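In what follows, a structure is listed as C-alpha cells, so that the remarks can point back to it.
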Amino acid sequence: MIAEVILSINNKNVDKAFDYSVPGELEQSLEPGMRVLVPFGKNGRTVEAYVVNIKKETDVEPDKLKCVSAIQDGYAVFSPVMMRLAVYMRDKYYSTLSACLQCILPPGLSLTEHKLNYAYINEGSSKREVTISETLEKGGKQAQVLELLIKSGGMSISDIKKTLGISQSPIDTLAKKGIIVCLPVRIHRMPFKAEKYARFEALNLFPEQTAALEKISRKLEPDYIGLRSVLLHGVTGSGKTEIYLRLIEKAINQGKQAVVLVPEISLTPQTVSRFVGRFSDKVSVTHSRLSDGERFDQWQRAKSGAVSVMIGPRSAIFTPFENLGIIIIDEEHETTYKSETTPKYDVKELAEKLSEYTGCLVVLGSATPSVHTYHAALNGKYELIELKARINNRPPEVKVVDMRKELIKGNRSVFSYELQDAIAENLAKRELTILFLNRRGHSTFVSCRACGHVMSCDMCSINYTYHMYTDRLVCHYCGDEIASPRVCPVCGSEYIKFFGAGTQKVEEQIKKSFPFARVLRMDLDTTSKKNSHEQIYSSFLAGEADILIGTQMIAKGLDFPRVTLVGIIAADISIHMGDFRSAEKSFQLLTQVSGRAGRAELPGRAIIQTYNPEHYSIVYSRTNDYKAFYEHEIDFRQQLDYPPFSHLFVALFTGESEKRVAQCIYKLYEIMKRQNTESELDIFRPTPATVFKIKNIFRHKLIVKAENEEKLKKFVFGCIDELRKNEDLSDITVNSSLDPLNIP
C-alpha cells in the first residue's frame with residue numbers, strides 16, 4: 001500500500017506528490033485527506049504531510065522508499081471536494097498545493113488534545129480525607145482550589161485560575177500530592193449561547209420578495225437544470241435577509257447545509273442574532289476574533305453534522321459540510337472577499353467552483369453590486385433578480401451639502417451648518433444619529449478647498465497621490481510625476497490642502513458641540529478586543545447612545561430601527577483614492593451608509609458633505625440610481641480598457657534598500673519590454689507603491705494589463721523567473737497579484 005502525500009512545506013521545489021509505503025498496522029486506518037507524519041530529507045526529519053491518494057504501486061526504488069510514521073488525527077481533515085478545490089486554487093492563483101491545503105485547514109487543528117485542562121478531587125487516594133483536612137486547615141491558595149473543587153465537583157483549570165485569580169502553581173502542587181487529578185478533557189467551546197437570542201419569526205413577504213424567492217427557490221431542487229448562481233440586487237431595506245432565511249430553511253428541510261458569508265466582523269453580531277433567532281442551535285459562527293480553539297470546535301461541529309448553518313467571513317467558505325446546499329455571499333461587492341495573502345483567492349470564484357462540484361446554489365446579494373459582478377450578470381454568468389423597493393416604501397431623503405460654500409460662509413468646522421442643525425434636532429427628538437467618515441486606504445489626495453479641484457493625471461483619469469518623501473504628485477498607473485502645487489492651477493487659490501480628518505477628531509468635536517450627547521465610536525481603535533463589535537452594536541441598538549461615529553464597518557448591512565439621520569462627513573475621501581475603482585467604491589459607500597437611515601417606521605434622511613457635488617458617484621448616490629451609475633462607470637472602464645474588459649497584474653517588490661528595490665523592479669520592467677514582442681500587453685513603468693514605506697521596508701510596484709488572463713499570468717511569471725535566474729533576489733520580496741481589489 002502506497003500513500004501519495006503533499007508535504008506541509010510551502011516551497012515550489014517540493015510542491016509535488018511524494019510516495020511513501022504504509023506500514024501494515026496503518027493500512028486499515030489510512031485514507032485520502034488525512035494528515036500524517038513522514039520522514040523527509042537526508043536527515044530523515046519528521047514533517048507533516050497530507051495524503052492525496054492511495055495506490056498499490058510506485059516507481060520509487062524499494063531501498064529509497066520511506067515509510068509513513070504516524071497518522072495524526074484519526075480522520076480525514078480534507079473531504080474529496082476540498083482536495084479538489086485546493087488543486088483548483090493552486091492552478092488559479094499560482095500557489096503551491098501545500099499552501100492551498102494549509103489555507104483550507106481550520107485554525108487550532110495542531111493544538112494538542114492531550115493538554116491537562118480539567119481538575120477534580122482524587123477519589124481513589126487512601127489518605128484523601130486526612131490530606132485534604134490538613135491542607136484546608138493551613139488555608140492559602142491550595143485550600144481555595146480545594147474548596148472550589150469540593151463545591152463544583154470539578155472544573156476546567158483555566159476557570160479555576162480565572163475564578164480565584166491564581167497561577168498554575170497551587171494546582172500543580174495539589175496534583176503532585178495526589179489530592180486532585182488533572183486530565184485532558186475535550187471541552188467544546190461555543191462562541192455564543194443560542195438561548196440568549198430572541199426568536200426571530202418569519203416576516204410577511206411583499207409581492208416583490210415573494211416573486212424573487214420563488215425564482216431562486218427553484219434552483220434548490222435536485223432536478224433543476226440551469227444557472228445555480230444568482231445576483232440578488234436589492235436596494236437597502238428591501239428585505240434580502242428574509243429571503244436568505246427562507247432559502248436556508250428550504251435547504252435544511254432537504255437535509256442540506258448552508259454557508260453564509262459576511263464581509264465584516266462588525267456585521268456578525270446582527271447576522272448571528274437573526275439566524276440563531278430563526279434556526280437556534282443549528283447555527284454556528286467563525287471569525288478571526290475567536291480563539292483558534294473556538295474556531296476549531298466550530299469546524300468539528302460542522303464536520304460532524306451537529307450544525308447546518310455556518311456564518312463567517314471569507315474563510316468560512318472552507319466549512320467541511322458533507323451536503324452543501326447553498327452559499328450566500330452578502331454585500332458581495334466588498335473587497336474583503338478577496339484574500340491579500342497567498343493563496344490570493346477570490347471567495348466568489350471558490351463559491352462558483354463549489355457549485356460546480358456539489359450542485360449547491362450560490363446567492364450573491366447587494367444593494368450596490370460590484371461593477372464586475374453586475375456586468376457578469378448582464379452577460380449571463382448569474383441570473384439577475386432585483387428588489388427595487390424598500391419594505392417600508394420610504395427611502396431616506398438625501399441632501400448634498402457643498403462644503404465650498406460652507407468655507408465662503410466662514411465655516412471651517414468638519415460639520416456643515418445643516419448637519420449641525422440636524423444633529424441638534426435629532427437629539428431633541430431622542431432619535432439616533434450615525435456619523436460616517438471613511439478612512440479606508442492610506443493615501444491622501446491634494447485638493448483645493450476654494451474651488452474643489454483635485455490634482456489628477458490627464459492620461460489616466462486617475463488622481464495623483466502625494467509622496468511626502470519627494471514632495472511630488474505621482475500617478476500610480478502610468479508613472480507620471482509633477483511637482484506638488486503651492487497654489488491651485490484652476491483658480492489660483494492658496495487653499496491647497498491634504499484632505500482628511502479622523503473619527504477621533506469627529507468624536508471630540510461632537511462632544512464639544514453637544515456635551516450632553518451620549519457617543520459611541522466604532523473603528524479599528526475601539527474594536528480591537530474580543531466581542532467589542534457585539535458590545536458596541538448591542539449598546540447602540542438598545543438606545544444606550546445617541547450618536548454612533550464610525551468608519552466603513554458601520555457603512556453597510558447594519559439595521560438600527562431608531563436611526564433617522566446619517567451624516568457623511570467627507571465624501572471626497574472615497575472619491576479620490578488614486579484607484580480606477582474610486583468612483584465605484586465611493587458610490588457603494590455613500591449609498592450603503594445613507595441606507596442606514598429610516599429603516600423602520602420613522603422617516604430617515606442623509607446629509608452628504610462634499611467639495612465635489614458634481615461628481616457622478618455623488619449625483620447618482622443621492623438618487624440611489626445604481627443603473628445610471630453603472631452605465632456611466634462601465635463606459636469609462638471600456639474606453640480605458642480597465643476591468644472587467646481586461647486583467648491587471650501587479651508585481652510588488654519590497655526590501656530594506658530603496659535603491660535595490662528600484663533597481664530590481666526596473667530590471668523586471670526591461671525584461672518585460674523585451675519579451676512583449678507582439679505588444680499584446682500594456683506594461684506600465686514601475687512606481688513607488690501608494691504606501692511607499694512600511695516599517696522601514698520600501699515598496700515599488702509594476703502593473704501589466706492584458707485581455708487574456710492565462711497569457712498575462714504566464715507572461716508575468718515567466719519574466720519573474722528570468723529575473724531570478726539573472727539576479728540574486730535574496731534581499732527582495734516579490735509579491736504578485738492578479739486583479740487585486742486594492743492596488744498597493
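Rolling a 1.4 Å probe over the heavy atoms of the protein chains gives the chain an accessible area of 45 Å² per residue. Converting the Cα gyration tensor eigenvalues of segment 628-683 into ellipsoid dimensions via √(5λ) gives semi-axes, longest first, of 31, 17, 7 Å. Once the convex hull of all Cα atoms in segment 655-729 is built, its volume per residue stands at 91 Å³. Checking the table 388/497; 344/529; 151/176 against a 32 Å threshold on Cα-Cα, which pairs fail? Distance filter (> 32 Å) returns 388/497. Among 231-243, 213-225, 272-284, sorting by the average number of other beta carbon atoms lying within 10 angstrom of each residue, highest first, gives 231-243, 272-284, 213-225. The convex hull around the C-alpha trace of segment 274-365, projected and averaged over every direction, spans 6.3 square nanometres.
Please grab the % of Cα pairs in segment 378-459 that end up more than 15 Å from each other. Every Cα pair in segment 378-459 considered, those over 15 Å come to 77 percent. The aspartates and glutamates whose alpha-carbon is closer than 17 Å to the alpha-carbon of residue 711, local same-chain residues fewer than 8 away aside, are 91, 641, 678, 680, 682, 721, 722, 739. Percent of Cα pairs in segment 609-737 per distance bin of 10 Å, from zero to the largest separation: 12, 33, 25, 19, 10, 1. Over segment 564-622, the pair-distance histogram of Cα-Cα distances with 5 Å bins from zero comes to 4, 21, 30, 22, 12, 7, 3, 1 percent, rounded to whole numbers. Its alpha carbons give segment 466-612 an Rg and a Dmax of 18.4, 54 Å. Diagonalising the gyration tensor over the Cα atoms of segment 486-537 and scaling each eigenvalue by 5 before taking the square root yields semi-axes of 35, 16, 7 Å, largest first. Size estimate for segment 511-570 follows the Kirkwood approach: the inverse of mean 1/r over distinct Cα pairs works out to 12.3 Å. Under the shape rule built on the C-alpha gyration tensor, where the axes satisfy a ≥ b ≥ c, segment 207-251 is prolate, since a/c reaches at least 1.5 and a/b is greater than b/c. Which of 326, 275, 420 sits closest to the plus end of the dipole of the chain, meaning its Cα is farthest towards the positive end, when Lys and Arg get +1 and Asp and Glu get -1 on the C-beta? With unit charges placed on the Cβ atoms, the residue in question is 420. In this structure, the amide hydrogen of residue 647, modeled 1.01 Å from its nitrogen in the peptide plane, lies closer than 5 angstrom to those of 706, 707, counting only residues at least 5 positions away or on a different chain. Each residue of segment 607-621 is assigned a 3J(HN,Hα), and the resulting list reads 10, 9, 9, 7, 9, 10, x, 7, 4, 5, 5, 7, 4, 6, 6 Hz, derived from the Karplus form 6.51 cos²θ - 1.76 cosθ + 1.60 (θ = phi - 60°), x at Gly and Pro.
From most to least packed by mean Cβ count within 10 Å, the peptides 543-554, 717-728 give 543-554, 717-728.
Normalised by the number of residues in the chain, the mean separation of alpha-carbon contacts (under 8 Å, six or more apart) gives a relative contact order of 10 percent. Based on every Cα atom in segment 562-665, Rg and the maximum pairwise Cα distance Dmax equal 18.5, 62 Å. Its Cα centre serving as origin, segment 541-681 has a Cβ charge dipole (Lys and Arg +1, Asp and Glu -1) of approximately 200 debye.
State, to one decimal in nm², a quarter of the convex hull surface area for the C-alpha atoms of segment 1-101, i.e. the direction-averaged projected area. The number I arrive at for segment 1-101 is 6.4 nm².
Between residue 291 and residue 641, the simple label model (points 7 Å from Cα in the Cβ direction) yields a spacing of 5.5 nm. Rounded to the nearest 500, the 222 nm mean residue ellipticity of the chain from helices alone is -10000 deg cm²/dmol, with -39,500 (n - 2.57) taken per DSSP H run of at least 4 residues. Note on segment 18-172: with charges restricted to the Cβ of Lys and Arg (+1) and Asp and Glu (-1), its dipole about the Cα centre is near 500 debye. Normalise the Debye intensity by I(0) for segment 247-288, one equal point scatterer per Cα, no solvent, then take log10 at q = 0.35 Å⁻¹ and round to two decimals. Once normalised to I(0) and log-transformed, intensities are -1.33. By accessible area, using a 1.4 Å probe on protein heavy atoms only, the chain has 49% of its surface on carbon and sulfur.
Sequence-ordered 3J(HN,Hα) estimates for segment 644-655 from the Karplus curve with 6.51, -1.76 and 1.60 and θ = phi - 60° stand at x, 8, 7, 10, 10, 10, 10, 9, 10, 9, 10, x Hz, glycine and proline given as x. With the highest mean first, a sort of the peptides 38-51, 158-171 on other beta-carbon atoms found within 10 angstrom per residue produces 38-51, 158-171. Put a plus charge on the Cβ of each Lys and Arg, a minus charge on the Cβ of each Asp and Glu, and nothing anywhere else: the dipole of the chain about its Cα centre is then about 1580 debye. Quick one: check the C-alpha center-to-center distance for segment 206-247 versus segment 702-744, whole angstrom. When both Cα centres are located, 40 Å separates them. With respect to the cross-link table entries 42/659; 303/627; 138/530; 282/353; 215/256; 55/219, which display a Cα-Cα separation exceeding 31 Å? Correct reply: 42/659; 303/627; 138/530; 55/219.
Dimensions of segment 327-452 from C-alpha coordinates, computed as largest minus smallest value along each principal axis and given longest first, are 62, 39, 27 Å. Counting Lys and Arg as +1 and Asp and Glu as -1 over every other residue whose Cβ lies under 10 Å from the Cβ of residue 392, the net charge comes to +2.
Spatially, segment 364-414 and segment 129-179 are offset by 61 Å when compared through their Cα centroids.
The values are calculated or read from the model by the stated rules, or taken from the named source; none is laboratory data. In this text the structure is predicted, and so the values were computed from the model without any measurement. FYI the Cβ positions are ideal-geometry reconstructions off the backbone, even for glycines, and counts take in every protein chain you see. For the accessible areas, the whole protein counts, side chains as well, though only heavy atoms, and no ligand, DNA or RNA atoms are used. Shrake-Rupley method; radii C 1.70, N 1.55, O 1.52, S 1.80 Å.
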